[in-house]
Every structure is written in C-alpha cells, then in structure tokens.
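The values are calculated or read from the model by the stated rules, or taken from the named source; none is laboratory data. Worth saying up front: this structure is predicted, and the values here are computed from it rather than measured. Counting neighbours? That spans all protein chains shown, and the Cβs are built from the backbone with ideal geometry, glycine included. Keep in mind that these areas ignore ligands, DNA and RNA; they rest on the heavy atoms of the full protein, side chains included. Shrake-Rupley method; radii C 1.70, N 1.55, O 1.52, S 1.80 Å.
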Amino acid sequence: MPSKLTIRSIRSVPLAGESPKGGWSAEIAPEDSIHALIAVHTEEGITGHGSVFTDARLVAAALKVLEPLWQGENALEPERVSEKLHQNTFWMGRGGSLTHTISGIDIALWDILGQATGQPVGRLLGGIHTRQVMPYCSLLMEEPAQMGAVMAAYRARGFRAFKIGWGPFGRRDDRRHDEAIVRAAREAIGPDCKLFVDAGASDAFWPNGLKWALNTAEMLKDYDVGWFEEALVPDALDDFCALRAASPVPVAGGEVLTRRQSFLPFLSRRAFDIVQPDATKVGGLSEQRRIAWMAQDFGVRYVGHGWNTALGVAADLQLASALPNVGLVEFIGGSAYVDGLLAEPFRLDDEGRLTVPDGPGLGVTLDPDKVGRYTPDAAPLFRP
C-alpha cells in the first residue's frame, strides 16, 4: 500500500429531475437539486465517491472555498484531512454548506482508503460487528385512505420496517386525523413489522409544541410505534428533555444538527432515546462515528438519518457494520437517487434485510449511464 495518494481534484454534480417529495411546506419539485454527488480524484488514479445533502450550487461554491485546504492533500488520511477542513473554516460558521460539503469529501476519502487497502470501510472504521442490517422504508404520510395502500405496496416488496413522516401529520390541528393516518399504516403492514413516526417538526413554521407532542406520544403507544422522531422544533432542548422523560415511546431526533459539538448538550441532558445524525450533512463518516461513540457513552441509541442517496445508504451500512447494536438504516422508498444510481442496486433478502457490501471502500459502484439520467454531465464523477 502506498504511503500517500495525492488529491488531484474534487468535483461535484447535482442530482435533479426526479427529486422525491419531502412533505415540506415549500415542497420539493422534481427538478430541484437537494442532493449532490462528490468525486475525489487522486494523482494515482483512485477515485472515491461521496454524497452531500445540499443544493449542488452551494456545494460547488464550497469546494472552491475549500480548495486551498484540500489541494495536494493525502487522500489516505480521511479524519485528519476532514478535521483540517473543519478547523480552518470555523470563522465562516460551523454547519451549513461548508460542513455539508466536507461531509461528502470525507465519505469519498474513506472510500479511497478502502480501495487502497482492499478493505470495506466498515472494517477500517473499527471492525465488522454485523453483515446484515434492516432498512426501514422511509415514506411520506398520506391521507388515511391512501396511506394503507402505499404501505401495503412496499410491504409486498419485502420491507419489514417502515417510517412514515411529514405530509399532513400534525399540520391540521386534528388529533383524530393524525391517529387515522397511523392506524392505516399499522393495519396495512400488520403487527410483526416495525413502525416509526416522524412528525417533521424541522419544517418551516412548525405549529405545535410540547403539549401536542406529549398527547401524540400517548396515541402512538397504542400502535406499537418504535420511536417518535422530530416531535419538536430542533432547538427546543428543554422541551425535548421533558418529552423524553414523559413519553411512553422512545424519542428520536438530531438530523438537522451538524458537527459533534452541537450534539453534546442533547446527549448529556438525555434529550433523545435515539440520536440521528446524517453522514451527508454532519461532517461525514469521521464525524458520524464520533457522535455514535459519544451516544454510546451516554447510553443513547444511534440510528443514522439517511434521507439522501445510494451513496449515503452505502456509507450508513458501512458504519452500521462497525458499531455494536446498530440494526437499522434509513432507505427512502421509491427514490430514483437510491434505486437508480448503482451498477448493482441494493436488494432485500427474504427477511427484509440488506447485506453490508464487503468489497473495497464503500463496496458499491456508480453506473455512469444511470447517474447521467439525473445530472447534466456525469463525467466529473468519473474523470478528473
């Protein structure tokens, strides 16, 4: 193995054309760019790929700002290089487009290190605890009449765990309507499947507070809901602590937080039962692993947020394999950016699980022709 692989260039491309709806109050249009793919090219010819949960125009600008820091760096040292990028841009603000872009770079650097060593990223991150992980099919909430049909269709595809979120839930001041949505979902998948509920309170101008969340948690208990996600606006730390203390179902959150420092008060004050950083926003796999370790020290369960792309799923699978007791990854139901980018798409086994790729790096390969359907020019991902 060489002692250095020199970063030659870092390129990004937008994904657009089939962007899935988010259930946001300002809804995503198919042509909107909310995800970008990253390629880190080395002088020695090895290329790594990563994913960023941010408009590609912002990613392109961030790469230019970061270029003096990454140009000529050693691609075999992902944690050191990523931390260098973080440390030298703190004055522009932790979080946001720079941190998101560093996330994609970091994932791509781990992919390069795995390729150079012939090892899956999970082994490099600490060792293989598991080779199979259950994806939970992440779906938007629909009106009750449609919710059951949507759930049944994905149940028929082999999924055995589901999360429903956003959409009309909690947005009509109608508790009976909210319950009807959850009831329809549970009845469609049956008692043996896992069900999680995501209120989506990071949406613009979320209308509800602690009392709503407490009452809703009591309702969710009756439907064997595994966790209640984003029940409160993201910065309501005291209310999250109160909700977790009183809720009969586990409380999950953290997807909008970035960098490990912002997670510390939520973990130390026991605001979450389950913490959900997103590797494509939080700082990459290097930062994600540190947050997961910190959560373990506080007795908080880690399940990564993964509403992104096939490369994000691959990264989540690798980290899940490298940590104890991580049996779930998020998997957007029906997203072209998850199902339609890889040479070999993810496939569920008969028990609704995914096998963690064991090839070098992330263990997955982008298909240039497939990627080309969703970006004006896919070439920058494959050529320096």
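Quick notes
- Largest mean-square fluctuation among 87, 119, 318, in a Gaussian network model of the chain whose springs join Cα atoms under 10 Å apart, belongs to 87.
- The chain: Lys pairs at Cα distance under 29 angstrom, eight or more positions apart or on different chains: 23
- What the range 132-279 shows is 39 Å² of accessible area per residue, with the surface traced by a 1.4 Å probe over protein heavy atoms.
- Fraction of accessible area attributable to carbon and sulfur, the chain (%, probe 1.4 Å): 49 percent
- Sites excluded, GluC sites (Glu not before Pro) in DSSP loops with at most 12 other C-beta within 10 Å, longest stretch of the chain: 32-350
- Cα-based shape type of the range 47-195, given that a ≥ b ≥ c are square roots of the gyration tensor eigenvalues and the cut on a/c is 1.5: oblate
- The trypsin sites (Lys or Arg not before Pro) found in the range 270-357 that occupy coil by DSSP, while having at most 16 further C-beta atoms within 10 Å, are 270, 347.
- Cα Rg over Rh - the range 176-260, Kirkwood: 0.97
- Cα gyration tensor category, rounded, prolate or oblate, for the range 238-333 with a/c compared to 1.5: prolate
- Peptides ranked, highest mean first, by Cβ atoms within 10 Å: ranges 6-14, 100-108: 100-108, 6-14
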